[in-house]
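Notes to accompany the following structure.
Nothing in this text is a laboratory measurement; each read-out follows from the coordinates by a stated rule. Predicted, not measured: the structure shown is a model, and the values here were computed from it. Using ideal geometry, Cβ is built from the backbone for each residue, glycine included, and neighbour counts are taken over all protein chains shown.
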Amino acid sequence: MKKILIMMLMLAPMSIFAQQKFAHFNMANVLPEMPEYQAASTDIQKLGQQYQVELERLQKEYQTKAEELQRLSNDTSTAQAILQSKATDLQKMQQSIEDFYQASQQDMQKQQAEKMEAIQTKILAAIKKVGEAGNYVYVVDISGGAIPFVNEALSTDVTAQVKAELGIK
């Protein structure tokens, strides 16, 4: 009798675990279809293009000044103080271009993070609703590779439900 009771106690957690439901979805199939993501991508691309245009303008101006310095340094009648002043200006301009490039990259990363935060919040809310509606214990994103293995035969794919919750057809 004791052995039967011990076996029942050992098997009880397994039967409870077997009744739990697991689900997965693929973020790579959800994200690109979201209008918010498309708008954010367009905004980031526009911002990047603005920075690129300004960077090209600064580089062109730098190139023009470098050519002028080269021309003046070939002219033996140019005073040394003028050459030194122009060389210093050129170095400052190069540093300014590097600073601008770094600042633009940081701003683009910040803008992208801010836009993605709102999108991720919306996706997480949709996943939560789908998970609660389906009584799932876990809903796992299989696109990121963070989970080493998901047996899709034992897990329910809720990508379509997440898309529906987000209003994506």
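Things worth noting here:
- Here the label points at residue 114 and residue 153, each 7 Å from Cα along the C-beta direction, are separated by 4.9 nm in the simple model.
- Interchain or long-range residues, amide H under 5 Å from residue 157's placed H: 24
- Taking all Cα-Cα distances within the range 20-165, those exceeding 24 Å account for 57%.
- In sequence order, the range 101-111 has phi-based couplings of 4, 4, 5, 5, 5, 5, 5, 5, 5, 5, 4 Hz under the Karplus curve 6.51 cos²θ - 1.76 cosθ + 1.60, θ = phi - 60°, and Gly or Pro positions carry x.
- Label-point separation in nm, residue 85 to residue 27, each point 7 Å along Cα→Cβ: 5.7 nm
- Per-residue HN-Hα couplings for the range 54-66 [Karplus 6.51, -1.76, 1.60; θ = phi - 60°; Hz; x = Gly/Pro]: 5, 4, 5, 5, 5, 5, 5, 4, 4, 4, 4, 5, 5
- Farthest positive-ward along the range 20-165 dipole, Cα basis, beta-carbon charges - from 24, 87, 74: 24
- Amide H partners (placed H, <5 Å) of residue 141, local residues excluded: 25
- Maximal additional length on extending the residue 160-residue 68 stretch stands at 26.9 nm, based on 0.36 nm per residue less the C-alpha distance.
- Ranked for footprinting exposure by Cβ neighbours inside 10 Å, fewest first, 108, 34 give 108, 34.
- Taken one residue at a time, the phi angles of the range 29-35 give Karplus couplings (6.51, -1.76, 1.60, θ = phi - 60°) of 8, 8, 3, x, 8, 7, x Hz. Gly and Pro are set to x.
- 24 Å Cα-Cα threshold exceeded, pairs from 46/129; 110/163; 21/128; 128/163; 21/115: 46/129; 110/163; 21/115
- Rounded to the nearest 20, the Cβ-based charge dipole of the range 20-165 about its Cα centre (Lys and Arg +1, Asp and Glu -1) stands at 140 debye.
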